[in-house]
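First the structure, in the form of structure tokens, and then the observations on it.
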Amino acid sequence: MSEKSFYITTTLPYVNADPHVGFAMELIRADVIARAKKLQGYDVFFNTGTDEHGQKLWADAQKAGEDVKHYVDRYAEEFRGLKDLLHISDDVHFVRTTDAHHEKATQEFWKRCNDNGYIYKKTYQVKYCVGCELEKTDSELVDGKCPIHPTREIEFIDEENYFFKFSASQEKLLAFYESHPHFVIPDFRFNEIKAFVERGLEDFSISRLKSKMPWGIPVPGDEDQVMYVWFDALVNYISTLGWPEDTETFDHYWKDGLPTQYCGKDNLRQQSAMWQAMLMAAGLPNSHQIVINGFFTAEGGLKMSKSTGNVVNPYDVVREYGVDALRYYVLAEVSMFEDSPVSMELIKASYNAKLANGLGNLTSRIMKMASTYLEHAPEIPEGTIPHAYFDHLHQFEIGKAVGMIWEEITELDMLIQDKQPFKLIKTDVEAGKVVVVELVTRLYTIARMLNPILPETSKTIKELVKANKMPETPL
């Protein structure tokens, strides 16, 4: 294995409904970072997958009249299909929490937390949102409902379960945050989680009675209990690396590989506090960074979610406008960290303005001149992508990196308008060719910069330049 490693993962979406554009955004953005790191010479491990246990999935399968395993298998394939649909890196790892290895790894993780004194059993009563799969206090409810899942009834749990000693992790977490000042991106989300931990932590339930909710991983040594879905699902980030058996891969990518996790703002607590406390309890290294996306909002500013049914399906977007339209929209047209609107109409407008009439038109104009006035493709110097481009990606400011590309597109349009090489070449052939060669060379640099952003279009433009020909179909 090479010395320079990098690990990045998305969250694992629940498989209780068709994929929606919010998760597509997370997956595409993680893919951009993975591809960019490869360009910089890193050995990258890129992880995604599906979360397939828990009360919500059990209830939804029962409601649909399906065997729960058949139910999750069917939806898992739709999420697996996003890899090809969205032009995600071929080597992305896809973990399912129903995989046999993941279940064994999660039981081992439980044992280590238990051996280290972080798990105990007690009877408790609590209000619970099945949609979030989280306990809720009265202060978190609005009119007795969860504000994120207002169509679901809050449940009341009264049973004996196992608990994780989250309260014992407060000082350790605060010390960790202090020593890792860029742990959560953006800063305002980091401030949120630090404030949450500073207020004090309450232990949380990590199991359910099997008699009430049988769809989960068995608790080691207690056949009457199954693991709580969050405890189970979070372990995927290391089980996917072959942990605990494959220590070489784990050390290379997790211990030494700057493990980075993308998630939505509703996962802030789970990823940057609960999971970090769990890793500490198991005696394992913490994550390197947590990157928090905002939500997509639909008409009226409502959060787009499966539970409210106001979703945009990525399969529909790609079918209508192509994958580049979706990749460009989630990378360039919306905020990296704040909430942003999305609709088929907005995606269409973005596609027409920036891709069809922007990048596509520029490529056609330049390659028409090249194929007409140049005998063969010019020698393209290796060149370098501007440092600022990678600096933006290092800060997860993907929109700014894309903005640099479109600034160059605008400059090339202006150069064509200013120098009019198609006219210049008629009076001064060599001067006209010099301008065309400059245009082709700079177009090739644009293609290089597009590699993580629009990978297939990047490849197409490079091939056109090397073949010195016009595109046969619009980009």
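Limited to the stretch 22-64, what total is found for residues that are outside any helix (DSSP H, G or I) and open to solvent by 30 Å² or more (accessible area, probe 1.4 Å)?
Of the residues in that region, 4 qualify.
Out of the residues in the stretch 383-404 meeting the condition of being outside any loop (DSSP other than H, G, I, E, B) and free of Cβ contacts under 8 Å to residues at least 12 places away in the same chain, tell me which one is most open to solvent (accessible area, probe 1.4 Å). Walk me through it before giving the result.
First, pick out the residues of the stretch 383-404 that are outside any loop (DSSP other than H, G, I, E, B): 387-394, 398-404.
Subset that is free of Cβ contacts under 8 Å to residues at least 12 places away in the same chain: 387, 391, 394, 400.
Details: His387: 154, Asp391: 94, His394: 109, Lys400: 110 Å².
Only one residue fits best here, namely His387.
I'm trying to understand the selection: among the residues of the stretch 5-41, which are touching a helix residue (DSSP H, G or I) at 6+ places or on another chain (Cβ under 9 Å) and over 17 Å from Leu86 (Cα atoms)?
If the condition is that a residue be touching a helix residue (DSSP H, G or I) at 6+ places or on another chain (Cβ under 9 Å) and over 17 Å from Leu86 (Cα atoms), then Ser5, Phe6, Tyr7, Ile8, Tyr14, Val15, Asn16, Ala17, Lys37, Leu39, Gln40 are the ones that fit.
Which numbered condition in (1) under 23 Å from the mean Cα position of the chain (by Cα); (2) free of Cβ contacts under 8 Å to residues at least 24 places away in the same chain; (3) farther than 30 Å from Leu415 by Cα is the only one that Leu346 fails?
Single failed check for Leu346: (3).
Of everything in the stretch 65-74, what is of a type outside the set (Asp, Glu) and either open to solvent by 30 Å² or more (accessible area, probe 1.4 Å) or under 24 Å from Asp316 (Cα atoms) (or both)? Give them in sequence order.
Gly65, Lys69, His70, Tyr71, Val72, Arg74
With His387, His392, His376 as the choices, which residue is on the phi < 0 side of the Ramachandran plot and in contact with a helix residue (DSSP H, G or I) (Cβ under 6 Å, 6 or more places away or on another chain)? If you could, list the steps in order and put the result at the bottom.
On the way: His387 fails: in contact with a helix residue (DSSP H, G or I) (Cβ under 6 Å, 6 or more places away or on another chain); His376 fails: in contact with a helix residue (DSSP H, G or I) (Cβ under 6 Å, 6 or more places away or on another chain).
Every option except His392 fails the conditions.
Would you mind finding the one in Gly432, Gly360 that is touching a residue at least 24 places away in the same chain (Cβ under 8 Å) and under 34 Å from the mean Cα position of the chain (by Cα)?
Of the residues listed, the single one that is touching a residue at least 24 places away in the same chain (Cβ under 8 Å) and under 34 Å from the mean Cα position of the chain (by Cα) is Gly360.
Taking only pairs six or more apart or across chains, which ones have beta-carbon atoms under 8 Å, a first residue in the stretch 152-169 that is more than 13 Å from Ile119 (Cβ to Cβ) and touching a residue at least 40 places away in the same chain (Cβ under 8 Å), and a second residue that is exposed (fewer than 15 other Cβ atoms within 10 Å of the Cβ) and among the hydrophobic types (A, V, I, L, M, F, W, C)?
These pairs meet every condition: Glu159/Leu209; Glu160/Leu209.
Could you list all residues from the stretch 312-327 that are crowded, with 19+ Cβ neighbours inside 10 Å, within 12 Å of Lys348 (Cβ to Cβ) and at pLDDT 95 or above?
Answer for the stretch 312-327, where residues must be crowded, with 19+ Cβ neighbours inside 10 Å, within 12 Å of Lys348 (Cβ to Cβ) and at pLDDT 95 or above: Val317, Tyr321, Ala325, Leu326.
In the stretch 360-379, what residues are open to solvent by 30 Å² or more (accessible area, probe 1.4 Å) and of a type in the set (Ser, Thr, Tyr)?
Once the filter is applied, which keeps residues that are open to solvent by 30 Å² or more (accessible area, probe 1.4 Å) and of a type in the set (Ser, Thr, Tyr), the stretch 360-379 yields Ser364, Ser371, Thr372, Tyr373.
Residues in the stretch 446-462: is at least one polar (S, T, N, Q), open to solvent by less than 30 Å² (accessible area, probe 1.4 Å), closer than 16 Å to Thr363 by Cα and at pLDDT 95 or above?
Yes; the residues of the stretch 446-462 include at least one that is polar (S, T, N, Q), open to solvent by less than 30 Å² (accessible area, probe 1.4 Å), closer than 16 Å to Thr363 by Cα and at pLDDT 95 or above.
Restricting the search to the stretch 31-56, which residues are among the charged types (D, E, K, R) and either without any contact (Cβ under 8 Å) to a residue 40 or more places away in the chain or farther than 24 Å from Val15 by Cα (or both)?
Passing the criteria: Arg35, Lys37, Lys38, Asp43.
Does Glu198 meet the test of being more than 21 Å from Ser169 (Cβ to Cβ) and either more than 21 Å from the chain's Cα centre (by Cα) or open to solvent by less than 10 Å² (accessible area, probe 1.4 Å) (or both)?
No; evaluated as a whole, the condition is false for this residue.
How many of the residues in the stretch 84-106 are open to solvent by 50 Å² or more (accessible area, probe 1.4 Å), assigned to a helix (DSSP H, G or I) and either over 25 Å from Trp230 (Cβ atoms) or polar (S, T, N, Q) (or both)?
So the answer is 1.
Being open to solvent by less than 100 Å² (accessible area, probe 1.4 Å), assigned to a helix (DSSP H, G or I) and at pLDDT 95 or above narrows it down to one residue among Glu411, Glu430, Glu407; which is it?
Criteria check complete, one pass: Glu411.
Given the condition within 22 Å of Val330 (Cα to Cα) and touching a His at 6+ places or on another chain (Cβ under 8 Å), answer yes or no: does some residue in the stretch 402-424 qualify?
Yes, the conditions are met somewhere in the stretch 402-424.
Across the stretch 114-161, what is the total count of residues that are in contact with a helix residue (DSSP H, G or I) (Cβ under 8 Å, 6 or more places away or on another chain), assigned to a loop (DSSP other than H, G, I, E, B) and more than 22 Å from Asp60 (Cβ to Cβ)?
Summing the residues that are in contact with a helix residue (DSSP H, G or I) (Cβ under 8 Å, 6 or more places away or on another chain), assigned to a loop (DSSP other than H, G, I, E, B) and more than 22 Å from Asp60 (Cβ to Cβ) in the stretch 114-161 gives 2.
Looking only at the stretch 435-459, count how many residues are under 18 Å from Val402 (Cα atoms) and either more than 37 Å from the chain's Cα centre (by Cα) or in a helix (DSSP H, G or I) (or both).
The qualifying residues number 13.
Considering the stretch 201-232 alone, what residues qualify as being open to solvent by 10 Å² or more (accessible area, probe 1.4 Å), hydrophobic (A, V, I, L, M, F, W, C) and closer than 16 Å to Gln276 by Cα?
Within the stretch 201-232, Leu201, Phe204, Trp230 qualify.
Residues that are under 22 Å from the mean Cα position of the chain (by Cα), of a type in the set (A, V, I, L, M, F, W, C) and at pLDDT 95 or above: does the stretch 295-308 have at least one?
Checked against the condition, which is being under 22 Å from the mean Cα position of the chain (by Cα), of a type in the set (A, V, I, L, M, F, W, C) and at pLDDT 95 or above, the stretch 295-308 yields no hits at all.
The values are calculated or read from the model by the stated rules, or taken from the named source; none is laboratory data. Every value quoted in this text rests on a predicted model; they were computed, and no experiment measured them. Cβ atoms come from the backbone with ideal geometry, glycine included; neighbour counts cover every protein chain shown. The area values use the complete protein model at the heavy-atom level, side chains included, leaving out ligands, DNA and RNA. Shrake-Rupley method; radii C 1.70, N 1.55, O 1.52, S 1.80 Å.
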